[in-house]
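Trainee: Got a structure for you, written out below as structure tokens; questions coming shortly.
The values are calculated or read from the model by the stated rules, or taken from the named source; none is laboratory data. Everything quoted here is computed from the prediction, not taken from an experiment. Using ideal geometry, Cβ is built from the backbone for each residue, glycine included, and neighbour counts are taken over all protein chains shown. To get the accessible areas, we keep the full protein, side chains included, count just its heavy atoms, and leave off ligands, DNA and RNA. Shrake-Rupley method; radii C 1.70, N 1.55, O 1.52, S 1.80 Å.
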Amino acid sequence: MSHELTLQEIDQFRSDFDNSRNQVVSRAAMRSGVLEASFNPAVTNRLNDVFSVEVETDNVTNQMQSGRCWLFATLNTLRHDFGKKYKAKNFTLSQAYNFFWDKIERANIFYDAIIDSADKPLDDRTVKAYMNFAGADGGQWAMAASLVKKYGVVPTNAMPESFNTNHTAGLSDALARKERKDALVLRKLVQEGKTEEVEKKRKEFLSEIYRMTAIAVGEPPKTFDLEYRDDEKKLHLDKNLTPVEFFNKYWDINFNDYVCLTNAPDHEYGKLYSLPFEDNVNGGIPITFLNVPIEYLKDAAIKQLKDGESVWFGNDVLKEMDRKTGYLDTELYKTDELFDVDTYMTKAERLATGEGEVSHAMTLVGVDLDKGEIRKWKVENSWSEKSGRKGYFTMSDKWFDEFVYEVVVRKEFLTEDQKKLAESKPTPLPAWDSLA
């Protein structure tokens, strides 16, 4: 059924708009912008920077113009653990190092997917999803954990940031274009039954991906010397470490002890889901989500914070956020009042329509509790100290309800039933799922 917009209808729209209230708010919105004109200063009163439970942290990191938040948030949790254990709270880890290996591993798994789906047409929904994901930066906690488990970590000074790690668009575009062209070659060889040629080309293409990434990012070190001063200015030196030796020696972390709790009310609760489409390392840690009501995410996160460990969490940061103040509050912008409309949707409706998504990852480092009631949360972002309060954001509990989708916590903080579910066989989700 189609509807042709008539001039009479447009005249009626003009008549409806023609009143003093609309003229006043229009002038404000046109001059200062929709968000500034609808900003609600009342949130300032409840979002102070005092918290009853805090993980001791100091400096923040800066992902700049890159989609590596998932990697930054993971390495932030690791560096805080290092800082607490070795009294070096400003110690930092190289995101460039693990970013390098992600590009290589992601290309490898992309070629696998293209070979496996070569019997499907190019306009097949799954094939198109793989093509769209080629060269991308975004990711999940399990992807970062897989990289650390296989390749270890290095300090920032062992592989510092470069222009192309801070500004990834150029490299990502080049890799995507290369991988998509390679996909056409591999598909044709598979369809022609040239199995040996397929494997030869795969290795050739991976070598070229390595070359491209090494040119743009630099080659990762095989060994390095760990040298740092702790908070008491004492010098520490540990020579000739490999990245894997460094991780195994200085961290006592088993990634299998962690689970990603998700709150996706458009999916059935009490189920374990997987997202094989986004796995980045063959043989790595699969991406899984245990879907539960939001109160379980909060409860587990608080327990982990009280135990002195920060929490990786996935969220939709661009909703009701002010970068300058670092406020995250569902009442931050009164745009519905500004436009005199009602745009409220439930969390399930936002996910189902694409209005809601996991667009960012950050780190929970504190919570403010009053007799068991949650007042607000302290958030470490990766947008430099120039945003928020020296890089830290303050999040209302209602914002947690609406815009937090994932927390990564130790299994010991789950209920007994949830622990069993976390070990069950997951239900795989398609590449176009709302959690992807």
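Trainee: Could you grab me the full set of residues in region 202-226 that are open to solvent by less than 50 Å² (accessible area, probe 1.4 Å) and among the polar types (S, T, N, Q)?
Mentor: 213
Trainee: Regarding residue 380, is this residue modelled with pLDDT of 95 or more and surrounded by 14 or more Cβ atoms within 10 Å (Cβ to Cβ)? Don't jump to the end; show me each part of the working.
Mentor: On the way: modelled with pLDDT of 95 or more: yes; surrounded by 14 or more Cβ atoms within 10 Å (Cβ to Cβ): yes.
Yes; evaluated as a whole, the condition is true for this residue.
Trainee: I've got another one for you. Within region 302-313, work out how many residues are more than 20 Å from residue 139 (Cβ to Cβ) and either β-branched (Val, Ile, Thr) or not in a loop (DSSP other than H, G, I, E, B) (or both).
Mentor: The number of residues fulfilling the criteria is 5.
Trainee: Can you find even one residue in region 213-220 that is of a type in the set (Ser, Thr, Tyr), more than 19 Å from residue 77 (Cα to Cα) and assigned to a strand (DSSP E or B)? Break it down into steps so the answer makes sense when it comes.
Mentor: First pass over region 213-220, keeping only residues of a type in the set (Ser, Thr, Tyr): 213.
In the following step, the residues that additionally are more than 19 Å from residue 77 (Cα to Cα) were identified as 213.
Right, trim to assigned to a strand (DSSP E or B) and you get none.
Within region 213-220, none of the residues are of a type in the set (Ser, Thr, Tyr), more than 19 Å from residue 77 (Cα to Cα) and assigned to a strand (DSSP E or B).
Trainee: While we're looking at this one, here's another question. Among the numbered criteria (1) part of a helix (DSSP H, G or I); (2) open to solvent by 40 Å² or more (accessible area, probe 1.4 Å); (3) more than 20 Å from residue 220 (Cβ to Cβ), which single criterion is violated by residue 193?
Mentor: Failed condition: (1).
Trainee: Related question: Checking residue 244 against (1) farther than 30 Å from residue 348 by Cβ; (2) open to solvent by less than 50 Å² (accessible area, probe 1.4 Å); (3) of a type outside the set (D, E, K, R), which single condition isn't satisfied?
Mentor: (2)
Trainee: Do you know which of the residues in region 43-57 that are modelled with pLDDT under 95 and under 20 Å from residue 307 (Cβ atoms) is least open to solvent (accessible area, probe 1.4 Å)?
Mentor: Step by step, filter region 43-57, then rank; the result is 57.
Trainee: Quick one: which of 137, 112 is under 18 Å from residue 210 (Cα atoms), in contact with a Ser or Thr (Cβ under 8 Å, 6 or more places away or on another chain) and acidic (Asp, Glu)?
Mentor: Checking each option against the conditions leaves just 137.
Trainee: Pairs under 6 Å by beta carbon, first residue in contact (Cβ under 8 Å) with a residue 12 or more places away in the chain in region 183-202, partner not in a helix (DSSP H, G or I), six or more apart or different chains?
Mentor: Correct list of pairs: 187/118; 190/118; 191/118.
Trainee: Out of 188, 128, 181, 150, which single residue is open to solvent by 30 Å² or more (accessible area, probe 1.4 Å), in a helix (DSSP H, G or I) and within 30 Å of residue 409 (Cα to Cα)?
Mentor: Selected residue: 150, the only one of 188, 128, 181, 150 that is open to solvent by 30 Å² or more (accessible area, probe 1.4 Å), in a helix (DSSP H, G or I) and within 30 Å of residue 409 (Cα to Cα).
Trainee: Of the residues 286, 265, which single one is touching a residue at least 12 places away in the same chain (Cβ under 8 Å) and in contact with a strand residue (DSSP E or B) (Cβ under 8 Å, 6 or more places away or on another chain)?
Mentor: 286
Trainee: Applying the selection to region 314-329, what residues are open to solvent by less than 30 Å² (accessible area, probe 1.4 Å) and in a loop (DSSP other than H, G, I, E, B)?
Mentor: 316, 317, 326, 329
Trainee: On the given criteria, is residue 40 open to solvent by 20 Å² or more (accessible area, probe 1.4 Å), more than 23 Å from residue 365 (Cα to Cα) and touching an Asp or Glu at 6+ places or on another chain (Cβ under 6 Å)?
Mentor: Yes.
Trainee: Checking the structure you have, find out if any residue of region 391-404 is open to solvent by 20 Å² or more (accessible area, probe 1.4 Å), out of contact with any strand residue (DSSP E or B) (no Cβ under 6 Å at 6 or more places or on another chain) and without any contact (Cβ under 8 Å) to a residue 12 or more places away in the chain.
Mentor: no
Trainee: Sticking with this structure for a sec: Could you check region 259-295 and list, in sequence order, the residues that are under 13 Å from residue 351 (Cβ atoms), hydrophobic (A, V, I, L, M, F, W, C) and part of a loop (DSSP other than H, G, I, E, B)?
Mentor: 264
Trainee: Now for a separate question. Which pairs do you get when a residue that is of a type in the set (A, V, I, L, M, F, W, C), found in region 126-137, comes within reach of a residue that is open to solvent by 30 Å² or more (accessible area, probe 1.4 Å) and in a helix (DSSP H, G or I), reach meaning Cβ atoms under 8 angstrom, with the pair 6+ apart or on two chains?
Mentor: Final answer for the pair search is 131/180; 134/180.
Trainee: Here's another thing I want to ask about it. Could you tell me how many of the residues in region 153-171 are closer than 22 Å to residue 357 by Cβ and either open to solvent by 40 Å² or more (accessible area, probe 1.4 Å) or assigned to a helix (DSSP H, G or I) (or both)?
Mentor: 1
Rundown of residues vs (1) more than 21 Å from residue 408 (Cβ to Cβ); (2) exposed (fewer than 13 other Cβ atoms within 10 Å of the Cβ); (3) hydrophobic (A, V, I, L, M, F, W, C); (4) in contact with a Cys (Cβ under 8 Å, 6 or more places away or on another chain), yes/no style:
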residue: 228; (1), (2), (3), (4): yes, no, no, no
residue: 250; (1), (2), (3), (4): no, no, no, no
residue: 272; (1), (2), (3), (4): no, no, yes, no
residue: 278; (1), (2), (3), (4): no, no, no, no
residue: 304; (1), (2), (3), (4): no, no, no, no
residue: 311; (1), (2), (3), (4): no, no, yes, no
residue: 341; (1), (2), (3), (4): yes, yes, yes, no
residue: 344; (1), (2), (3), (4): yes, yes, no, no
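Trainee: If you go through region 63-83 one residue at a time, how many are under 12 Å from residue 380 (Cβ atoms) and open to solvent by 20 Å² or more (accessible area, probe 1.4 Å)?
Mentor: Residues that pass the stated criteria total 1.
Trainee: Of all residues in region 1-53, which are touching a strand residue (DSSP E or B) at 6+ places or on another chain (Cβ under 8 Å), among the basic types (Lys, Arg) and in a helix (DSSP H, G or I)?
Mentor: Answer for region 1-53, where residues must be touching a strand residue (DSSP E or B) at 6+ places or on another chain (Cβ under 8 Å), among the basic types (Lys, Arg) and in a helix (DSSP H, G or I): there is none.
Trainee: Restricting attention to region 84-96, report how many residues are open to solvent by less than 10 Å² (accessible area, probe 1.4 Å) and part of a helix (DSSP H, G or I).
Mentor: Matching residues across region 84-96 total 1.
Trainee: Let me ask something else about it. Kindly indicate whether any position in region 353-368 is crowded, with 22+ Cβ neighbours inside 10 Å and either hydroxyl-bearing (Ser, Thr, Tyr) or more than 24 Å from the chain's Cα centre (by Cα) (or both).
Mentor: Yes - at least one qualifying residue is present in region 353-368.
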